[in-house]
1. For the chain, what class follows from the C-alpha gyration tensor (a ≥ b ≥ c being the square roots of its eigenvalues): rounded when a/c is under 1.5, otherwise prolate if a/b is larger than b/c, else oblate?
2. Residues in the range 32-57 near a label at SER85, defined as backbone nitrogen under 18 Å from the 7 Å Cα→Cβ point?
3. Students often forget the sequence filter, so: which lysines lie under 24 Å Cα-Cα from LYS87 once same-chain residues fewer than 8 apart are removed?
4. Which of PRO41, ALA98, LEU27 sits farthest toward the positive end of the charge dipole of the chain, with +1 on the Cβ of Lys and Arg and -1 on the Cβ of Asp and Glu?
5. Keeping all protein chains in place, calculate the accessible area per residue for the chain (probe 1.4 angstrom), answer in Å².
6. Please give the contour-minus-distance gain from GLN1 to ILE28: 0.36 nm per residue of separation, less the Cα-Cα distance, rounded to one decimal in nm.
7. Within 14 Å, Cβ to Cβ, of SER21, how many net charges do the neighbouring residues add up to if Lys/Arg are +1 and Asp/Glu are -1?
8. Can you tell me the relative contact order of the chain? Whole percent, Cα pairs under 8 Å, sequence separation 6 or more.
Amino acid sequence: QVQLVESGGGLVQAGGSLRLSCAASGLIFNRRAMGWFRQAPGKEREFVATITWNGQIAPYPDSVKGRFTISRDNAKNTAYLQMNSLKPEDTAVYYCAAAPNGIADITEFIYWGQGTQVTVSS
């Protein structure tokens, strides 16, 4: 059974940083694309970042470009999202996701974590 467990969320002031982690189990991690998505209250879930099995990163959306960085450590079965220069509009529940393959379109992520809350105060 695939399990994705996010950690690292919390409350931070605008301009601050957080690093989210996603610990994966029940899958061959180094063969899966991984992704981060977020959902703010009253809004649809949106793409934040994705990374292929071998570390290739898809273009970030404009909303996080230059501030967020996705990475992975295949030896630790863990994906990360480094978030810098946080803004109040980054407030959301952040979800880790895994795809069935090593390379995936954002619509192909089928395994999801429970989410971790990130709140950025102004």
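1. Judged from the Cα gyration tensor, the chain comes out prolate (a/c at least 1.5, a/b above b/c).
2. 48-49
3. Counting by Cα, and skipping residues close in sequence, LYS87 has these lysines nearby: LYS43, LYS65.
4. The listed residue farthest towards the positive side: LEU27.
5. The answer is 51 Å² per residue.
6. Result for the pair: 8.6 nm of gain on full extension.
7. +1
8. Reported relative contact order: 36 percent.
The values are calculated or read from the model by the stated rules, or taken from the named source; none is laboratory data. Note that the structure is a prediction, hence the values are computed from the model and not measured. Positions of Cβ are generated from backbone atoms using ideal geometry, with glycine treated the same way; all protein chains shown enter the neighbour counts. For the accessible areas, the whole protein counts, side chains as well, though only heavy atoms, and no ligand, DNA or RNA atoms are used. Shrake-Rupley method; radii C 1.70, N 1.55, O 1.52, S 1.80 Å.
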